[in-house]
């Protein structure tokens, strides 16, 4: 039964991703494709500069050892490094520009879809509190979460490109390092996945209470209601109701987040331990193989970038999952 529920949960996740992508695509086909292309090439400058930086360090070592005064080659390498950094800067600026325009287009599309859905509702639907919850969650979350998903997609593609590029450099002579890096993120990934599901479950179950105290708060601070509230001395009564709801939320958050924090700390500690392990292995292998200092440093940099790319890849995938959970209301 548990395996079936997990499969159904994963199927729902895939369905939400598919729906969200269709929303993003429908908002603007041109900008959607353009962002995918820009995201794909964004990591290339970092990969190329790893190799350029290795040659810079080796060139510095050669100049120091041989007492060479030929600085032309090292100046050329630094200039090449600058050009590649400049290319990355242009790609980033262009991507941010496109995302800025695309964000408004997505907001426009979701706003119009929400209005159309509300307009198509029957009068009897107005009395359904669950429907009100879904409409409010859609209004509060859909645009923000859809833009979040757009950013997640950009980062996932970029980190996937960086992951493929760095793993192709490292795996050719340091396969064990790649294995350690992959193993290092597994505990924290599992913990974070379960944490996000738990936090959304808490959010979803208490949303009606949240909407209730928000309505009560608005009722008190609204100018039109203030005189009547003051006249009948209702403010303190409503305040007590709001505080009771807050106390329940705080107590629930303490219990849930305390457990999640402990588990997250354990997972991150294991990750840090394995990070130092692969750095030690790279240095020892480099010394035993009599590699140049440039190659050793490049290997550490490449392994670090590989790990960061993998961590970011998982992190953005989990955030994508979280954003999709919050879009359940829009899907319904």
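Worth pointing out:
- In the set 234, 159, only one residue is surrounded by 14 or more Cβ atoms within 10 Å (Cβ to Cβ) and at pLDDT below 80; that residue is 234.
- Qualifying residue in the stretch 200-210 (condition: modelled with pLDDT under 80, closer than 28 Å to residue 99 by Cβ and within 20 Å of the chain's Cα centre (by Cα)): yes
Residue-wise test of (1) out of contact with any strand residue (DSSP E or B) (no Cβ under 8 Å at 6 or more places or on another chain); (2) modelled with pLDDT of 80 or more; (3) more than 20 Å from residue 190 (Cβ to Cβ).
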residue: 253; (1), (2), (3): yes, no, yes
residue: 257; (1), (2), (3): yes, no, no
residue: 268; (1), (2), (3): yes, yes, no
residue: 279; (1), (2), (3): yes, yes, yes
residue: 287; (1), (2), (3): yes, yes, yes
residue: 299; (1), (2), (3): yes, yes, yes
residue: 314; (1), (2), (3): yes, yes, no
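So that you can scan it fast, the table gives a plain yes or no per residue for (1) modelled with pLDDT of 70 or more; (2) assigned to a helix (DSSP H, G or I); (3) under 30 Å from residue 259 (Cβ atoms); (4) under 19 Å from the mean Cα position of the chain (by Cα):
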site: 176; (1), (2), (3), (4): yes, yes, no, no
site: 181; (1), (2), (3), (4): yes, yes, yes, no
site: 185; (1), (2), (3), (4): yes, yes, yes, yes
site: 194; (1), (2), (3), (4): yes, yes, yes, yes
site: 225; (1), (2), (3), (4): no, yes, no, no
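- Given (1) free of Cβ contacts under 8 Å to residues at least 12 places away in the same chain; (2) assigned to a helix (DSSP H, G or I), number of the condition residue 87 does not satisfy: (1)
- Some residue of the stretch 128-147 being outside any helix (DSSP H, G or I), over 12 Å from the mean Cα position of the chain (by Cα) and modelled with pLDDT of 60 or more: yes
The values are calculated or read from the model by the stated rules, or taken from the named source; none is laboratory data. Remember, predicted model here, so these are calculated numbers, not experimental data. Positions of Cβ are backbone-derived with ideal geometry, glycine not excepted, and every protein chain shown enters the neighbour counts.
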